[in-house]
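The values are calculated or read from the model by the stated rules, or taken from the named source; none is laboratory data. Because the structure is a prediction, the values reported are computed rather than measured. For neighbour counting, all protein chains shown are included, and Cβ atoms are generated from backbone atoms with ideal geometry for every residue, glycine included.
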């Protein structure tokens, strides 16, 4: 029977007697009926807002009252660490009702997997890559294992939707629906996004406009309480990572502080500096070993008067206990990311959400000021799925051949229906057949020799994931795995031993004793003096909106947030030193010989799209400016329609697109270019140039 809240009576009993809750949170109460109705849903709330329970409690209630059997719910997240964190919590909820919860990802051992296959749990926590591995595995009886599947919960939906992993997940989900023989309810959990309805429609079928209209969609958001205190946000300028450590060490002693950094390198540097100042410090980022991350997160959750330094990995909902303070080194790349981090605090009664920004250089200070300007205006970036995922279309066609052994050359679309991911399926399939990735026998398509050569290593493991991670060397001290570093961090060949800087791993310095290239392993020993570490990183393309907000700050707009004395002084200095780069009536254009320098403040993507509109003239683009060499008369931009303009991408970059080997090179280059286009931003700059020319 259902209780007063619409949940199973056993759940409502345990809410009070096991969790000690007086009532459901607003989002959880509002989500009960939509989730139980079977409609697709998007549930939106800040980090630590109870989204997991908002989905799981209604699903468990339906599971019991409607007598679902076998594996009926998949719970998918982008991070293994998040799955590990959620598993005991969701298991305890299942135990209330005698329902079992399983965990399956790359770190789960073979014996645990065999138990799951022999006796499937009611709820399985997993990743898209593990689902793909199950579908192509000969060990998994798909028809039996997924026959009872009814619902998939997609946690951190915004993270999936903004990357190729989201397209991959939709392709896998379509194949699961065909195996299950029924529509699978889709429940997305997300932090605040600027376009929740569109992202919900995308989750239903990959289309943000129209499409999937026959499926019901319910968007449930947690509205901010009118009585909630204004967040405590302060912008400060400190000038260096070492100075940031001094501020973190001296402020808010006795509190639990989560410090976000924008790179693994900076997080390692800051952690080392904090430890040198006697601060109990833990570290969490993607290149630490899983054991080191778990140890850090557990110790931090149980401690007081401590700091954990992290990258965006701790932005995604991992439970590290109640926080007192969030500190941001420099600026996150989006307002949405800032809101995620801000939402980590202020969850206890009587506390306020808070973030202290510590800018380590003038450029980062200007970024932070622009971001806070947008935040105060209520702006949140819309999530835009990457366009034209042709490489994943090819991946799905190959993965289906592995899954089924063979499939009909004329009936393959039945596996994906109208899913937008497969819009270019005919073109992709023609190339796969022509190049021997797929071969035909009696009207059936199966894996061919070219696919074996390109992706067949380790039982086609390369075909299971939509992303490529940088290959890193394993760092070992004694018999303990510390983490992983890029080859960029190692001493140069022929460098003297005295010149070699120690490595920074887990906030500590290590001397490189030996590099075993065959095992791709680095043996290290601890040293007391400071080291360094590096990873490969591409140029960061900031959004048009964030760049324009920075321009407004230079022109005199000041964010409605407190600034420290140092920040006020830095703001004056930044405006003084960079004021020549902005003008209230449009763009600043400088001419030197055949070179034209445009201070566009439009972002790297818009600048490169603008260059493509001029025929790909030579020069250089940054986020705030671009240089054009021999561009000639810029007035011709007024006649350019940017609707089909694609930035020029060097052919050698094709390898950065996963599964590019399964596409014609020209198609792969075009796909990369389309993903780097900002046509709206480029058109805006072109119009500003036209107005400037007219005014002149």
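Do we have residue 565 as closer than 26 Å to residue 276 by Cβ and out of contact with any strand residue (DSSP E or B) (no Cβ under 7 Å at 6 or more places or on another chain) here?
No; evaluated as a whole, the condition is false for this residue.
Exactly one condition in (1) within 29 Å of the chain's Cα centre (by Cα); (2) at pLDDT 90 or above is not met by residue 431; state its number.
(1)
If you check residue 304 against the conditions, is it modelled with pLDDT of 95 or more and over 16 Å from residue 356 (Cα atoms)?
Criteria not met by residue 304.
With respect to residue 538, determine if the residue is without any contact (Cβ under 8 Å) to a residue 24 or more places away in the chain and in a loop (DSSP other than H, G, I, E, B).
yes
In segment 296-306, what residues are touching a residue at least 12 places away in the same chain (Cβ under 8 Å) and either part of a helix (DSSP H, G or I) or closer than 21 Å to residue 484 by Cα (or both)? Step through it out loud before you land on a result.
Restricting attention to segment 296-306, the residues satisfying the condition of being touching a residue at least 12 places away in the same chain (Cβ under 8 Å) are 296-297, 299-306.
Passing the criteria: 296, 297, 299, 300, 301, 302.
Among (1) out of contact with any helix residue (DSSP H, G or I) (no Cβ under 7 Å at 6 or more places or on another chain); (2) touching a residue at least 24 places away in the same chain (Cβ under 8 Å); (3) surrounded by fewer than 16 Cβ atoms within 10 Å (Cβ to Cβ); (4) in the same structural domain as residue 675 (by TED's automatic domain parsing), there is one condition residue 633 misses while meeting the rest; what is its number?
For residue 633, the exception is condition (2).
Any idea which of (1) in contact with a strand residue (DSSP E or B) (Cβ under 6 Å, 6 or more places away or on another chain); (2) under 30 Å from residue 341 (Cα atoms) is the one residue 184 doesn't satisfy?
Unmet for residue 184, out of (1) in contact with a strand residue (DSSP E or B) (Cβ under 6 Å, 6 or more places away or on another chain); (2) under 30 Å from residue 341 (Cα atoms): (2).
Considering only segment 499-526, how many residues are touching a helix residue (DSSP H, G or I) at 6+ places or on another chain (Cβ under 8 Å) and assigned to a strand (DSSP E or B)?
Of segment 499-526, the ones touching a helix residue (DSSP H, G or I) at 6+ places or on another chain (Cβ under 8 Å) are 503-509.
Retained after the next criterion (residues that are assigned to a strand (DSSP E or B)): 503-505, 508-509.
So the answer is 5.
This table checks each residue for (1) within 28 Å of residue 675 (Cα to Cα); (2) in the same structural domain as residue 659 (by TED's automatic domain parsing); (3) out of contact with any helix residue (DSSP H, G or I) (no Cβ under 7 Å at 6 or more places or on another chain).
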position	(1), (2), (3)
121	no, no, yes
134	no, no, yes
142	no, no, no
173	yes, no, yes
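Going by the structure shown, is residue 372 within 26 Å of residue 266 (Cβ to Cβ) and under 24 Å from the mean Cα position of the chain (by Cα)?
When the stated conditions are applied, residue 372 passes them.
Scan segment 278-295 residue by residue and report those that are part of a strand (DSSP E or B) and closer than 19 Å to residue 522 by Cα.
In the first step, residues of segment 278-295 are kept if they are part of a strand (DSSP E or B); the result is 281-284, 288.
Once the filter is applied, which keeps residues that are part of a strand (DSSP E or B) and closer than 19 Å to residue 522 by Cα, segment 278-295 yields only 288.
Here is a check on your reading of the model: is residue 469 surrounded by fewer than 17 Cβ atoms within 10 Å (Cβ to Cβ), outside any helix (DSSP H, G or I) and without any contact (Cβ under 8 Å) to a residue 60 or more places away in the chain?
So residue 469 fits the description; yes.
Can you give me the number of residues within segment 553-563 that are surrounded by fewer than 18 Cβ atoms within 10 Å (Cβ to Cβ) and in contact (Cβ under 8 Å) with a residue 24 or more places away in the chain?
So the answer is 5.
Yes or no: segment 314-334 includes at least one residue that is touching a residue at least 60 places away in the same chain (Cβ under 8 Å), in a helix (DSSP H, G or I) and surrounded by fewer than 22 Cβ atoms within 10 Å (Cβ to Cβ).
No, segment 314-334 has no match at all.
Could you check segment 37-58 and list, in sequence order, the residues that are buried (at least 19 other Cβ atoms within 10 Å of the Cβ) and either without any contact (Cβ under 8 Å) to a residue 60 or more places away in the chain or more than 27 Å from the chain's Cα centre (by Cα) (or both)?
50, 53, 57, 58
Check segment 75-92 and report whether any residue there is more than 26 Å from residue 310 (Cα to Cα), in contact with a helix residue (DSSP H, G or I) (Cβ under 7 Å, 6 or more places away or on another chain) and either in the same structural domain as residue 21 (by TED's automatic domain parsing) or modelled with pLDDT under 95 (or both). Show your work before the answer.
The first filter runs over segment 75-92 and keeps only residues more than 26 Å from residue 310 (Cα to Cα), leaving 91-92.
In the following step, the residues that additionally are in contact with a helix residue (DSSP H, G or I) (Cβ under 7 Å, 6 or more places away or on another chain) were identified as none.
For segment 75-92, residues more than 26 Å from residue 310 (Cα to Cα), in contact with a helix residue (DSSP H, G or I) (Cβ under 7 Å, 6 or more places away or on another chain) and either in the same structural domain as residue 21 (by TED's automatic domain parsing) or modelled with pLDDT under 95 (or both): absent.
Filter segment 481-516 for residues that are surrounded by fewer than 16 Cβ atoms within 10 Å (Cβ to Cβ), more than 27 Å from the chain's Cα centre (by Cα) and modelled with pLDDT under 90 and give the result.
491, 492, 493, 494, 495, 496, 497, 498, 499, 500
From the set of residues in segment 114-138 that are without any contact (Cβ under 8 Å) to a residue 24 or more places away in the chain and part of a loop (DSSP other than H, G, I, E, B), which is surrounded by the most Cβ atoms within 10 Å (Cβ to Cβ)?
Per the criteria, the residue is 137.
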